[in-house]
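Below is one structure, written out as structure tokens; the observations come after it.
Each reported figure results from applying straightforward, stated rules to the coordinates on display, with no laboratory input. These figures come from a predicted structure and were not determined experimentally. Quick reminder, even Gly has a Cβ in these numbers, built from the backbone with ideal geometry, and neighbours come from all protein chains shown.
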Amino acid sequence: MMKREREWFKITSVHRNDLIGLGFDGDAVDDATMERLASKMCDNYVEQLFYLQVGIYAEELGIPRLKEAVNGTMKLPSIW
């Protein structure tokens with residue numbers, strides 16, 4: 001079986017309406033500030049929750065583990 005090319009899948013985005021929904025003036029925010037907000041949110045999410053949630057939902061969805069991960073010979077990210 002040929003391995004599929006590994007693809008990226010988008011999980012979220014941030015919009016000015018998100019700011020408005022929290023009581024901030026999203027219409028007053030320029031693109032550069034929105035980019036900085038998105039970058040900070042991305043960094044925080046990856047550092048805090050990303051790998052934990054990927055593992056939880058992968059197990060919930062029944063995604064099989066690699067043989068190396070099961071027998072302990074695979075180096076996993078430090079969060080695990």
Please list, by residue number, everything in the stretch 30-60 whose backbone N is under 17 Å from a paramagnetic label point 7 Å out along Cα→Cβ of Val14.
30-50
Where nothing but the Cβ of Lys and Arg (+1) and of Asp and Glu (-1) is charged, how large is the charge dipole of the stretch 16-70 around its Cα centre, in debye to the nearest 20?
300
Could you give each residue of the stretch 44-53 its phi-based ³J(HN,Hα) in whole Hz, using Karplus coefficients 6.51, -1.76, 1.60 with θ = phi - 60°, and x for Gly or Pro?
5, 4, 5, 5, 9, 10, 3, 5, 4, 5
How large are Rg and Dmax for the chain when only the alpha carbon atoms are used, in Å?
17.9, 53
Using only DSSP helix segments of four residues or longer, with each worth -39500 (n - 2.57), what per-residue ellipticity at 222 nm results for the chain after dividing by its residue count and rounding to 500?
-12000 deg cm²/dmol
